[in-house]
Amino acid sequence: MTRQPHDQFAKQYLEELLAPLGTVETSRDVPSEVRQIDVWFIPAPSPSPEFETLGLLGKMAATTCLFEPFRNAPTPVEVRSCMLKLYSVEAELLRKARRERRSLSEDESPRLWILSPSCSQRLLDGFCAKLNQSENWGEGVYFLPEFQRTALVAINQLPINQDTLWLRVLGKRRTQQQAIDELIGLPQENPQRRNILEILANWRINVGRSERLSNADRELIMNLSPAYVKWREEAVLEGKLEERRQIVENSLRVRFGELDEELEAIIAPMLQLPPEVLTRLLFSLSKQELLLWFGEGSGQDLRLGEGKREKVENLLRVRFGEVDAELADKIAAMLQLPHQQLTPLLLTRSREELLERFGR
């Protein structure tokens, strides 16, 4: 049961990467059994050049195969359950071949790839899983005896290079964190980068909506947040107003649980900010502070109240990382301005511009 949220993301993620290479079917039913294959893949008849761009994942997808991704390391029972799916599919293919009066060669039989964040030595020994250096599969890919057509992939043991990037995104902790950093650093023209960032961002949003977050959920949110922020910034930079608005709405829902009338009313002025400023404010200011700085009406100066200096300091701290001595020296002058004049200055001017503006 604990695999379900990760399953949904992993299936969508693998489908996005593998679709250009052949036929992908997720949640494929296994005949006569109430179980599903996470990802069933059949390569296209003509090899696609995108096989090479996917590195190790592309090499795995060179033949018909099943992908079974796990968020946590599988137990022996779960590994055997995955193998049962493989054998059920193979039996289905054999029946189809007999109906067509032909044989099914060993090479036509599908292969099972079990993708795990890690694999214990006990698990590997129990299934007699070994590295296959003769075919240059490298570290972290452990093959069961030949005719079982199954391999266990220990994602945390994969070499850290471009070839393994797309698999390491499915890892955990530092493995996943580093892979996402590498993904963000890819050139924007990379054919997979944008769509994968969007998938990661949506997963981050969905996990964040949970009322009860486990430690694993919090860790996942932390790992996915850079991808979410980068995707959002790039979408804002593209200038698509509706998409920009949707990003801000989703961010507010994630942080505050709902989008009430007060929050909805401040979205339009927020969209006028540069994306890098908007990103920091969305994730740093409280609901009350957002309403204070972006709300309209004559009551804003009143809402600043006695804590006006602290509120100005906090906004400066969010924007510039700290309130150094030079900035702190100018706050008294800032407080002399009415809210409607002060707000656009604090939200849009650079540190140097503020120092110049209030240095007289």
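The values are calculated or read from the model by the stated rules, or taken from the named source; none is laboratory data. Everything quoted here is computed from the prediction, not taken from an experiment. Virtual Cβ from ideal backbone geometry, glycine too; neighbours counted across all protein chains shown. Ligands, DNA and RNA are stripped out before the accessible areas are found, and what is left, the full protein with its side chains, is counted by its heavy atoms. Shrake-Rupley method; radii C 1.70, N 1.55, O 1.52, S 1.80 Å.
Remarks
- Taking 0.36 nm per residue of separation and subtracting the current Cα-Cα distance, fully stretching the chain between Leu259 and Glu182 would add 24.4 nm.
- If the chain linking Ala216 and Glu276 were pulled fully straight, counting 0.36 nm for each residue of separation and taking away their Cα-Cα distance, it would gain 18.8 nm.
- Antiparallel DSSP beta bridges within the chain, percent to nearest 5: 60 percent
- FRET efficiency, Gln148 to Glu243 (Cβ-Cβ, R0 45 Å, nearest 0.05): 0.45
- Candidate values (i) 128; (ii) 194; (iii) 177 were compared with volume of the Cα convex hull per residue in Å³ computed on the shown model; the agreeing label is (iii).
- Ordered from highest to lowest accessible area with the whole protein assembly present and a 1.4 Å probe, Glu146, Glu326, Glu108, Glu68 read as Glu146, Glu326, Glu108, Glu68.
- Segment Phe283-Leu345, extension gain: residue separation times 0.36 nm, minus the distance between their alpha carbons: 20.3 nm
- FRET efficiency estimate (nearest 0.05) - Cβ-Cβ, Ser103 to Glu135, R0 22 angstrom: 0.30
- Ellipsoid equivalent to segment 86-210 - semi-axes via the Cα gyration tensor, in Å: 32, 20, 15
- FRET efficiency for the Leu124 to Ile267 pair, using the beta carbon distance and R₀ = 35 Å, is estimated at 0.10.
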